[in-house]
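Written out below as structure tokens is the structure these notes cover.
Computed from the coordinates by the stated procedures, all read-outs in this text should not be read as laboratory data. All of these numbers come straight from a predicted model, not from anything done at the bench. Every residue, glycine among them, receives a Cβ derived from its backbone with ideal geometry; neighbour counts consider all protein chains shown.
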Amino acid sequence: MRNYTPVLSQLGLGAGRPLGRWSKATAVGLLLGAGQLHTASYAQAATPSQSITLVERNVPLSQALKKIEQLSGYTFLYNTQMVQAARPVTLNLQRATLAEALNQVFAGQALTYTIEDKSIIVKAKPTSRAAVVAPIQITGIVRDESGVPIPGVTVRVKSGQAQLAPSTATDANGHYNLTVAGPDVVLIFSYVGYEPQEIALNGQTSIEVQLRRGVSKLDDVVVVAYGTTTQRENTGAVATLDAKTIAQQPVSNPIEALQGRLAGVLVTPSTGFGGSTVNVQIRGQNSLLGGNQPLYVVDGVPYAATGLNSFAAFGAFAPQGSYDSPLNSINPADIASIDVLKDADATAIYGSRGANGVVLITTKKAKTGQGKLDVSVYTGAGRATRFINQLNTEQYLALRREAFANDGITPTASNAPDLVSFDQTRYTDWQKTLIGNTASVTDAQASYTAGTALTRIALTGGFRRQGSIYLGDYFSNRYNGRLAINQASANGRLHLDASMGYVHTDNKQAAQDYTTLITLPPNYNPYNADGTFNFSTSLTNPYALALRGITNTSRNLLGDVALSYTILPGLAAKVSAGLNRLTMEQFSPTPAAAVSTLFGPAKASAEFANAATTTYLAEPQLIYNHKVGPGELQALAGGTFQQTTSEQLYVAATDYISDAVLENLTAASTKTYYTDNAFTYRYQSVFGRLNYNLKGKYILNGTFRRDGSSKFGPDNRWGNFGAGGVAWLFSEEGFIKNSLPALSYGKLRASYGITGNDLGTSGYYDYLATFESTGRTAYGSLLGLRPTRLGNTNFRWENVKKLDLAIELGFLKDRILFTADYYRSISDNQLVGFAIPSQTGFSSITANFPAVVLNRGFEFSLNTTNIQTGKFTWTSAATLTVPHNELLEFPNLAASAYNGQFLLGESTTLTRFYNYTGIDPATGQASGAYVSPTGLYTVNPALSTQVRTNGYPKYFGGLQNSLSYKGFSLDFFLQFTRQTARSYVPQGPPGQGLSNWTTDALRRWQKPGDVTDIPKATSSFGTAYSTYFNYTNSPTVFGDASFIRLKTLSLSYSLPSATVQGWHLQGLRFYVQGQNLFTITGYNGFDPEVPLFALPPQRVLTGGVQVSI
């Protein structure tokens, strides 16, 4: 027991007398019962500097003291009744010293403290005349490096000095007001994410302070499954994108903001449409044929990533659901952060849905402070990033004449209208006409936040309109609104967090991708002499196509509510519920004026569709935090109850009497119901997590989940998944601190676990034999039922075993942060369409197959603070991912239906080719291993000598730089990818059909002896035609599609606070933003990022203003 003689002697209890058998409580009672205790000598004792991280909200003072006692190793001595009478405490300590922690604890309390050795003695504040001094009121404002006021900054008197009001906080405008005991005290200004600053008054009564953003990102909050942590204490692989980075990009789909910025996350748009579907792969492709998209969770509610477009399956234009992404219904301005969970430690708690990673989208919450209104508006325009070089009229006609001459065929009006009937001098650049227009974009967002310590509210709303670079009037309008409320009880034990968001989108898109029409003959005239549409050939008339279109109306309702109650100190119960409803109404008219009369009279028609998906979610949880031994234990247990329902109706109508009534389904004489489906999906689970943090140096984390899914047969609906992770913060070891002073942070972490995948199933009822209406194929006038699937009740989950090893390092007080991560995922029990004999009436049946897919790779990230002065800051961030994908096992692959698709030891994204050897100088035909032993040209690459290429990038990443000087900020991001992809190659050989060619045709073979890489021109369907298609499936059409792109650039200027406050504003910022500004690439095609014959991405430039009131 400690000797308290020096203290007790001052109370007259006898000098030199130890406590002996007196209890600590008795001693403390005597100490605190005396009113003349002298504390000056103890107040001047050296204050410890232990690092304390603790966040509490409205907890009893005794609970806060107990937590600090556990974290610091110091013992508190106090009178129980006096502490119980104190006010509740709210703390936000991030690696604070003991003195800083104590000052926050006793701020505003009628208590003070002294320190003796390892004891902290708590007592009432003195009331003698000696303690009363003439107060001095200090006022001022706190701003950031850009001059913008910072609300919520803690302002306090430095520990050890006389205090009247221990601390205060800046208001919504950054102002503070603090009463101090004298003119010579030192004030400390601190705020999360910024470096604290000490300023001596020296007689000043008004002080303006500028805080610099903190160097370390290690203590930033990271959102994980069912909770939060920090990068410093995280045992899993999590990558985060914050709201500031998202706001610097003029995107409508927030997932587009991830491109190149997060290690291990490959993001590629399906087309260049604004808000188009974005393909996301996290650490590779685990499933051979099933789904590889991650799980999306918005504010705790699973969010559908699959579109509701009904027309795609029936020919109406919708490449890869290009305008149908539900993620486009999430307003980027509402997002606080996007966290991507990659390894098993982070994802296994999502069980069967976490195999492909998890994307957590967290929306902005209400904040404490005076009412604040933010309004941001920008407008701009976009154009296609790249075009291909095509032949002009003279070159095109020469090519066509040569093709007919090579084949010995005479051009006529029927086989060559472009050579006989069309104007021989007319020229139209169809690229510029069809996809070379300017797409305008306008975005306006407003938000209002206000709140007290108990009640906070946030209200947002906005509008976005984005045009199209197509010929015609196509657009997308989005209207969004959101309300968030946070409420706490006076004692801080009950908390309610609720939000509701609604997004309404109207868009009109083309019925066909105009990019596919750029090969129209350059001398084609879409109009007849009388002004009517030219339908004299089989060519698609683009101006007639513009009369058609697809109108989509989408609605997205997303709500969540969470109610939590602190049952006992350290034990809380929470219940969360969510709702997400997505609907889409579609209308696609085809007026008679847009229909070719070449094959009969024009008839008007229309197509109608309605689809909806509704998800209900309920998740009860118990959360427990407690000091166990020298460490901190955190436990979580919960359950999930989810139901998703889907409905889809698709009707085609024909034989209208007038184009004026196309929107009226009843006005059509003939109606055909193609689809009328309804599905229900149920999902239940129990889950848990245990986390033990020993002395802030050794961290263990374990998760478990048992899932049940209605997608599987009755005997295979349940699966078990789990993972474990460990972390060692070796930089906290004494021997490391002494031997490596430049190392400010060091952590080793590892994890291993099993997650699942049920996306391999193509529908909700794959285990059942199903039937559908004959729909389009009626028997006479009668419709019937036809089988659509063979049932299989035996298939089960795909399993993915994930291993992750990483080292994280920080140097020079975390000015340099580096992470190197190795991952390995092995996916087995693959869900595939297992090939069966055609005599069954089906080509395949859903089943598990013992194929094994390997994904492994290295991820690197680097964050640096290059320069940080009072006025100028320059930071950088870089990522690099080196992936590897391989098919490890596939039993009896050679005899399977997938022999021509996969190869053992090769990537699952493999592309197989004919072994092309070049253009034969004698014949001008493509040559290679195309010929079978019988002398026939083969059409199966598996039957000939072949080469192959990997369709997955060799590496990819990005480099971000952020510079700020006074009120100016410049941010730019470079994206890079090393890859191979198919170049743009015309569908037919040079001179074939009414189709223009690229300027590559200028180096075509023209006579025997020519050595070139472009085959001869031909207009017929002979040998030259056949060999050309082998040529287009040879490695010569694949090439380097690597690129470096200036993905985003943002330049802004914030006016000085003194200036805007004179205008009764809190802030005023002007900015310009650009996307896809320039690209360095050797790719032969439209765009290397979307290496398809599809609309390329747009180069967008915008300018805007943000006002804060």
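Brief remarks follow.
- Helix-only arithmetic for the chain: the sum of -39500 (n - 2.57) across DSSP H runs with n ≥ 4, divided by the residue total, places the mean residue ellipticity at 222 nm at -2500 deg cm²/dmol.
- Förster radius 25 Å - calculated FRET efficiency between residue 785 and residue 843 (Cβ-Cβ, nearest 0.05): 0.80
- Ordering 529, 1108, 642 by Cα displacement along the dipole of the chain toward the positive end leaves 1108 in first place; charges were set at the Cβ atoms of Lys, Arg (+1) and Asp, Glu (-1).
- About the Cα centre, charge dipole magnitude for segment 227-363 (Lys/Arg +1, Asp/Glu -1 at Cβ), debye: 200
- Residue order, fewest to most surrounding Cβ atoms within 10 angstrom, among 180, 800, 726: 726, 180, 800
- When its C-alpha radius of gyration is set against 2.2 N^0.38 Å (N residues), segment 957-1109 gives a value of 1.67.
- Lys, Arg +1 and Asp, Glu -1 on Cβ, resulting dipole of the chain about Cα centre, debye, nearest 20: 3000
- Point-to-point label distance, residue 491-residue 383, nm (Cα→Cβ direction, 7 Å offset): 6.8
- Between segment 881-928 and segment 693-770, the Cα center-to-center distance that results, in Å: 35
- The base-10 log of I(q)/I(0) for segment 784-829, evaluated at q = 0.20, 0.26, 0.27 Å⁻¹, reads -0.81, -0.95, -0.97 [Debye formula, identical scatterers on Cα atoms, solvent excluded].
- Given charges at Cβ of Lys, Arg, Asp, Glu: the chain dipole, positive-most of 438, 235, 468: 235
- Cβ crowding within 10 Å ranks 1050, 310 as 1050, 310, fewest other Cβ atoms first.
- Selected from 756, 194, 204, residue furthest toward positive end of dipole (the chain; charges at beta carbon): 204
- Fraction of alpha-carbon pairs over 28 Å apart in segment 354-507 - percent: 57
- Burial ordering of 404, 1078, fewest other beta-carbon atoms within 10 Å first: 1078, 404
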